[in-house]
Structure formats: structure tokens, C-alpha cells
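**Q** Please see the structure below; I have some questions.
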Amino acid sequence: MSAAFEIFLQGAPGLEEILAEEAREAGFAHATPVPGGVTLQGQWTTVWRANLKLRGANAVLARIGGFPASHLAQLDKRARSFDWSEVLRPDVPIRVEVVTSQKSKIYHAGAAQERIERALTESFGAVIDAGAPVTLKTRIQRDYVQFSVDTSGEGLHKRGHKPAVGKAPMRETLAALFLRQTGYRGNEPVLDPMCGSGTFVLEAAEIAAGLWPGRDRSFAFEHLASFKPDLYARIRAEAPEPLTDLPDFFGSDRNAGAIEMATRNAEAAGLSGAIRFRHRALSDLERPAGKPGLVIVNPPYGARIGDRRQLFALYGRMGEVLRERFRGWRAAIITSDGGLARASGLPFLPTTPPVDHGGIRVTLYQTAPLP
Ligand SMILES: C[S@@+](CC[C@H](N)C(=O)[O-])C[C@H]1O[C@@H](n2cnc3c(N)ncnc32)[C@H](O)[C@@H]1O
């Protein structure tokens, strides 16, 4: 696979266009939104860079090839002669996942998985293990078997420098996409008055500093035959020096434990000087001095935490505080409950369709600068 191949950035369905925009701005030319993610063409170095640099992708998949197969015996035979050695290593355990479509004659994913696993074991010498560091994803669609390798490993929302996670955290990848959807590009203050473990302000400060989200973690691609440690070290060394003249970032929460967590997370990310965390309830929120920016928050919602009647009062109070004290700032609220969002009385712009967040469909409600 020395020629260019297809790379798929798995993203949040509904935010594909936002992820494609991020990818294009990060230098991945021709990144194209498709349902469930973004495709681009590239080499292994492109794969490594995408894992290191992109904030909105959940995983980076390398499409490593495939073949037509309309019955299991054919799948078996072709899987045995497929050149796995270009990408996989026989000494690294592999996990196999198969998804079949109704439009294929091979419809039994379990039987297909078993054939592929057997081919890998018997013809390639690989060890199959459900907890393996490398996952081979197989999609059988219209009688074509397509193999992809998940080059990320652990989901990319795991930044590698966030030790503490709260009760209902926003995924870092989704937080980054929502920040981008509000128009945030790293050059204005950001405040989250119910910050929990600090996800929004941490992501915002990292964006402003120009930090690479993958700088502190390892990836599945390090276990592939295509991996070249020296070249990878050179690519990591391309990371720019973090900017130090940053806008202000503020996080507060009425839960003291959350503020302790957020503070530890900022330290681990090397951002403790950039973000001011305070233990403070929403009602005591003060407008920071200086130029206006973005208030972004995901208040408690739905069945996850809290009771709806109390939540109406909370959202109402939040709207009051923002309207009275935050003129000129933009407000962005992420919630699963449109009724609660409206209870804030904030003048929202038209919304885009909801996005799945751990089984709950959340929507970004955002305003223009508050009058
Ligand atoms: C859904 S969580 C936010 C999660 C956060 N975005 C994260 O990624 O960790 C909601 C947060 O609102 C806080 N909260 C609830 N009522 C509050 C109030 N009246 N004032 C300040 N914080 C409040 C809770 O303590 C909780 O941390």
C-alpha cells in the first residue's frame, strides 16, 4: 500500500460537514463529508497525522482493500490469498469485526467472521483475540468484502491527558465539533458555567494554543506492519510550539469535586495557567472583564441526572443570568430537551438536527451576540 488509499474519519452523524471543514483546515485536502464521517485519500503518514491532529474524529480507519465474494467458500478462499502482510503483523493479535448488509448473499456476519479469522490464523499465522490492540473491520456490501483497519485503537475522544472524568461528561470529540459549529476558532474568551470535568474549556484552550489532541497518547497504527517509528517521530516533531498569548478561559461549577477534577485535567494538559476554574453556582456567575466571547454549556438534562421540574427552574435562571450579565457574548447550550432550552428564554438561531451522544440525542442551541 505505497499508493494513496482511502482513509475514513469516523465522526458524529449530523456533524460530518463540520468535521470535513476541520480536516480541510488542518491540511487534509479534498476531505469529503459522507454519511457517518469524512473520506480522504492519503498515505500512512496521512493516517498518523489525522490521528494526531484532528479533534472531531472518533476514529481513523484505513481502507486496506477487499474483493467480491458471494458465498462463504469464496470469502474463505480469497481471505486466504489476501496480502495481509502489507498492513498486519502476525505477531500482533487481531480482533475481527464483520458487518453485513441485506444486499449481500453472505448475510450471516458470525459465519463470515469465523471464515476471516480462520484465514488469518491458518494462512497468515495471526492470533485472534477480542482484546487485541488492532481491529480489522469488515463490511460486506453488495457482495463486496471491504477491509478497514481501525488505526486509532481507543476512541480518539481519549486525549491521553485527561485523568479525571465526571458524571455526565461531554465527549471531547463532540465538544470540539460543537465549538467549531459555534464559529469558535481559538481567538476569543470561552466560559462554561457548569463545566463538570472541564471538557469545553479544555478543548477551547487547546485549540487556542494550537496543541495537537493526540500528543500524549498511543495509537493502534503503532502495531501495524506499515509503521515506521523514525518517520513518525519526525512527524510528531512537526507540532508547533504552543501559543502562549491566549484569550481567557473560565470554568465554574457548583460541585467542588468537579472543579477539583477540571483543575487536575488542566494541569495534565499543561494548561493550568490558561484556564481559571472556580467553585461557584450559576447564580453567582460574574461577567469577566475584557472583550466578550462565547458561553458554552451542557447543563444537566434528561434521565441522566436531575428532575425535569427543577431543571426548568435551572434553565430559566441560566437564561436570566446570561441575558442580564453577558450582553455581547454568544451563548451555546447543548441539551437533549428542546423544552428546557426554550425555558432559558434565550433568542436562539435556527438549530441543526440533533446528534447522538451516548444514546441521547443532543442539539446545539446557539445565539448571536446577546442584545
Ligand atoms: C452534564 S454536566 C456537564 C459536563 C461537562 N460538560 C463535562 O464534560 O464534564 C452538568 C454540570 O452542571 C453542574 N451544575 C448543575 N447545576 C448547577 C448550578 N446551579 N450551578 C453550577 N453548576 C451546576 C453539575 O454539577 C454538573 O457538573
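**Q** For the structure I just gave you, tell me whether Gly14 is out of contact with any helix residue (DSSP H, G or I) (no Cβ under 9 Å at 6 or more places or on another chain), open to solvent by 10 Å² or more (accessible area, probe 1.4 Å) and in a loop (DSSP other than H, G, I, E, B).
**A** Yes.
**Q** In the set Gly270, Gly345, which member is closer than 24 Å to Arg159 by Cβ, in a loop (DSSP other than H, G, I, E, B) and more than 16 Å from the ligand (Cβ to nearest atom)?
**A** Answer to the check: Gly270.
**Q** Can you name the residue in the stretch 190-215 that is assigned to a loop (DSSP other than H, G, I, E, B) and away from the ligand (no atom under 12 Å from the Cβ) and is also most open to solvent (accessible area, probe 1.4 Å) among such residues?
**A** Filtering first and then ranking leaves Arg215.
**Q** Which condition number does Thr244 fail, the rest of (1) open to solvent by less than 50 Å² (accessible area, probe 1.4 Å); (2) over 22 Å from the mean Cα position of the chain (by Cα); (3) away from the ligand (no atom under 16 Å from the Cβ) being met?
**A** (1)
**Q** Being over 16 Å from the mean Cα position of the chain (by Cα) and either open to solvent by 50 Å² or more (accessible area, probe 1.4 Å) or not assigned by TED's automatic domain parsing to the domain that holds Val145 (or both) is true for just one of Arg49, Arg80. Which residue is that?
**A** Arg80
**Q** Related question: For the stretch 179-189, enumerate the residues that are in a helix (DSSP H, G or I) and either of a type in the set (Ser, Thr, Tyr) or open to solvent by 30 Å² or more (accessible area, probe 1.4 Å) (or both).
**A** Arg180, Gln181, listed by residue number.
**Q** What are the pairs with Cβ atoms under 6 angstrom where one residue, in the stretch 339-361, is more than 11 Å from Phe312 (Cβ to Cβ) and the other, located anywhere, is open to solvent by 80 Å² or more (accessible area, probe 1.4 Å)? Sequence gap at least six, or different chains.
**A** Pro354/Arg361
**Q** Now a separate question. Would you be able to tell me the number of residues in the stretch 188-220 that are out of contact with any Leu (no Cβ under 9 Å at 6 or more places or on another chain) and closer than 18 Å to Pro242 by Cβ?
**A** 2
**Q** Hey, among the residues in the stretch 326-371 that are of a type in the set (D, E, K, R) and within 19 Å of the chain's Cα centre (by Cα), which one's most open to solvent (accessible area, probe 1.4 Å)?
**A** That would be Arg361.
The values are calculated or read from the model by the stated rules, or taken from the named source; none is laboratory data. Computed from a prediction, not measured in an experiment: that's the story for all the values here. Cβ coordinates were reconstructed from backbone atoms using ideal geometry, including for glycine residues, and neighbour counts include every protein chain displayed. Protein only, heavy atoms only, side chains kept; ligands, DNA and RNA dropped before computing areas. Shrake-Rupley method; radii C 1.70, N 1.55, O 1.52, S 1.80 Å.
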